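Taking it in order: structure first as structure tokens, then the write-up.
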Amino acid sequence: MVADKRLGELLDLVVAQGGSDLHIFTGGPPMLRVSGALIPVAKYPALTNEETETMLKSIVPPDRWDSFRQDQTIDLSYAHQENVRFRVNGYRVQGTVALALRLIPRSIHTFSELNLPSVLEVFTQREQGFFLCVGPVGQGKSTTLAAMIDRINDSRAEHILTIEDPVEYLFEQKKSLIHQREIHIDAPDFHTALQSAFREDVDVIMVGEMRDYETISSAVTAAETGHLVFSTLHTNNAAQTIDRIIDMFPAEQQGQVRVQLAGSLAAIFSQRLIPRVSGGLIPAYELLINNNAVSTLIRDGRTQEVSAVIQTSSQEGMIDMDRSLADLVKRGEVTVEHAYEHAMDPKTFERYL
């Protein structure tokens, strides 16, 4: 149980209200995010900086508090009571302490339970390749990758390594051997942990986030050398994701990276969580599958043509975001207004309706 009683009560409230996030900051009451909307916790008065700092300090390991004071930010996972875990980010706002805590669901759901397309199953059965789940913050990327990793765990005897900052979903060993390494506790950074993976007889690697050139380079190399690699990027769609990866490299290396990515990429899955008419959230998504046409576009630097390939390749399993949104509207799952907010090309979306 957390040392600070008020924080413990707020974490209990997140669970009781079916919330996804808790925001604690100086100068205002705590706020919950429920079904995508922020709601103030009215029973709590505006918090002082001393109170928010005390709350954060109560859950940060003593050996990492100096790191927070130096870097002004910290990421960690926190176990609250039995089977209730949160991903925590502590940070400063105009000199005061703030916390963002995200509830990590207790169980790992299946594709159907998450309303994800069944075609994702195909990529869990690959022997090697690079699968990316992309989208803005808070759109369910970690949950999707957890479902994919757990599907491998259900069906194959592999050595799976996850590298996370912090560790979110906890996997039970089923058919696979699973090791979960947390940055700052088990390894200093993603790049070091990835380099170490080459010597650990690993079959499947999940990298929580690719933040820098070294991590992306190591991940691409791992996918090229017989590993099945999963990771995330904060990009909006497949075309932008390809450009972001290429642009992370020095100009003189970009041609070679295009060739590597064209050969190793399996797919790019972009998702958005849309408010559901019946309550809660439901995903809309785009899926780019790397076929001969896509591979050629990547090698030739013609990523602006990727979206057109997705739109015309549904028979190969590709999924267009605007079509996915239109399908949700037709099924009565989401409103036209909410879908329109997330459309990649409003005119294309309107044409699908």
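In the stretch 294-342, which residues are closer than 16 Å to residue 272 by Cα and in a loop (DSSP other than H, G, I, E, B)?
Once the filter is applied, which keeps residues that are closer than 16 Å to residue 272 by Cα and in a loop (DSSP other than H, G, I, E, B), the stretch 294-342 yields 320, 333, 334, 335, 342.
Going by what's in this entry, would residue 34 be described as touching a residue at least 40 places away in the same chain (Cβ under 8 Å) and within 23 Å of residue 273 (Cα to Cα)? No, not satisfied.
Among the residues of this structure, residue 114 counts as one that is surrounded by 15 or more Cβ atoms within 10 Å (Cβ to Cβ), touching a Ser or Thr at 6+ places or on another chain (Cβ under 9 Å), of a type outside the set (Lys, Arg) and assigned to a loop (DSSP other than H, G, I, E, B).
Select from the stretch 280-306 the residues that are of a type outside the set (A, V, I, L, M, F, W, C) and within 22 Å of the chain's Cα centre (by Cα) and write down the one among them that is farthest from residue 111 (Cα to Cα). Walk me through how you get there before you give the answer.
Within the stretch 280-306, the subset of a type outside the set (A, V, I, L, M, F, W, C) is 280, 283, 285-286, 290-292, 295-296, 299-305.
Those still in the list that are within 22 Å of the chain's Cα centre (by Cα) too: 280, 283, 285-286, 290.
Numbers: 280: 17, 283: 11, 285: 13, 286: 15, 290: 21 Å.
Ranking the candidates gives 290 first.
Working carefully through the options 215, 235, 241, find the one that is closer than 23 Å to residue 124 by Cα, touching a residue at least 24 places away in the same chain (Cβ under 8 Å) and either surrounded by fewer than 21 Cβ atoms within 10 Å (Cβ to Cβ) or of a type in the set (A, V, I, L, M, F, W, C) (or both). Write out each step before concluding.
On the way: 215 fails: either surrounded by fewer than 21 Cβ atoms within 10 Å (Cβ to Cβ) or of a type in the set (A, V, I, L, M, F, W, C) (or both); 241 fails: either surrounded by fewer than 21 Cβ atoms within 10 Å (Cβ to Cβ) or of a type in the set (A, V, I, L, M, F, W, C) (or both).
Exactly one of 215, 235, 241 is closer than 23 Å to residue 124 by Cα, touching a residue at least 24 places away in the same chain (Cβ under 8 Å) and either surrounded by fewer than 21 Cβ atoms within 10 Å (Cβ to Cβ) or of a type in the set (A, V, I, L, M, F, W, C) (or both), namely 235.
Quick check, is residue 2 in a loop (DSSP other than H, G, I, E, B), under 30 Å from residue 188 (Cβ atoms) and at pLDDT 90 or above? If you could, list the steps in order and put the result at the bottom.
Details: in a loop (DSSP other than H, G, I, E, B): yes; under 30 Å from residue 188 (Cβ atoms): yes; at pLDDT 90 or above: no.
Judged against the criteria, residue 2 is not a match.
Number of residues in the stretch 50-63 that are surrounded by fewer than 15 Cβ atoms within 10 Å (Cβ to Cβ), within 26 Å of the chain's Cα centre (by Cα) and in a helix (DSSP H, G or I) equals 0.
The values are calculated or read from the model by the stated rules, or taken from the named source; none is laboratory data. Remember, predicted model here, so these are calculated numbers, not experimental data. So basically every Cβ, Gly included, is an ideal-geometry build from the backbone, and we count neighbours across all protein chains shown.
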